[in-house]
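Novice: Here's a structure for you.
The values are calculated or read from the model by the stated rules, or taken from the named source; none is laboratory data. Small disclaimer: the values here were computed from a predicted structure and weren't measured. Counting neighbours? That spans all protein chains shown, and the Cβs are built from the backbone with ideal geometry, glycine included. These accessible areas exclude ligands, DNA and RNA; they are computed on the full protein's heavy atoms, side chains included. Shrake-Rupley method; radii C 1.70, N 1.55, O 1.52, S 1.80 Å.
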Amino acid sequence: MESLHFLVIGKNQQILETLKRIIENNEGWKAEIQTEENICYEYVKENQVDIVLLSSGLDEKFENDIKVFCSTLDKDIKVIDHYGGGSGLLKNEVYTLFPNLQP
């Protein structure tokens, strides 16, 4: 299984921890969680990130800015707006972006 590295950004720590657990229940998937928006830019720039997962509670301006920032890097980072819906929806969102990972 190919590995995927997620940066999960949001304001609700409990939701972020749940998302981390759901993500890491998949073989080869790793998640870092972050509530501080200003730290995210440097993290994305300095670390391997395949997917930035935007969770609840974020400011619309930040969401737009981080999407633009990710698109300017030469790293092919995907951004998912994820506001709930369970683990099945999350997997479908990932598999839509990475169809080669579908079992």
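Novice: Mind giving me the nanometre distance, one decimal, between the label points for Glu24 and Glu42, set 7 Å out from Cα along Cα→Cβ?
Specialist: Distance between the two pseudo-spin positions: 2.3 nm.
Novice: If you don't mind, another one. Cα gyration tensor of the stretch 46-103, axes a ≥ b ≥ c as square roots of the eigenvalues: rounded (a/c below 1.5), prolate (a/b > b/c) or oblate?
Specialist: oblate
Novice: Which cross-chain or sequence-distant (5 or more) residues have an amide H under 5 Å from the amide H of Leu53, H modelled 1.01 Å from N in plane?
Specialist: Long-range HN contacts for Leu53: Leu7, Val8, Ile9, Ile80.
Novice: Could you pull out every one of the aspartates and glutamates with an alpha carbon less than 19 Å from that of Lys30, ignoring same-chain neighbours closer than 8 positions?
Specialist: Output for Lys30: Glu2, Glu17, Glu42, Glu46, Asp50, Asp76, Asp81, Glu93.
Novice: Grab the beta carbon distance between His5 and Glu60, set R0 = 41 Å, and tell me the FRET efficiency rounded to 0.05.
Specialist: According to the calculation, E is roughly 0.95.
Novice: Please report the accessible area of Leu97 (heavy atoms, 1.4 Å probe, ligands and nucleic acids excluded) in Å², nearest 10.
Specialist: Counting only protein heavy atoms, the figure is 60 Å².
Novice: Moving on. Rank these residues by their accessible area, most exposed first, probe 1.4 Å: Glu37, Glu60.
Specialist: Largest to smallest exposure gives the sequence Glu60, Glu37.
Novice: How much length, in nm to one decimal, is gained on full extension between Gln13 and Glu32, taken as 0.36 nm per residue of separation minus their Cα-Cα distance?
Specialist: Taking 0.36 nm per residue and subtracting the Cα distance, the gain is 5.6 nm.
Novice: Next question. Going toward the positive end of the dipole of the stretch 1-82, with +1 on Lys and Arg Cβ and -1 on Asp and Glu Cβ, which of Tyr41, Trp29, His5 do you reach last?
Specialist: Checked the options; the winner is Trp29.
Novice: Separate question: Report the accessible area of Ser56, computed with a 1.4 Å probe over the heavy atoms of all protein chains in place, in Å² rounded to the nearest 10.
Specialist: 40
Novice: To the nearest 10 square angstrom, what accessible area does Lys78 show with a 1.4 Å probe?
Specialist: Approximately 50 Å² of Lys78 is accessible to the 1.4 Å probe.
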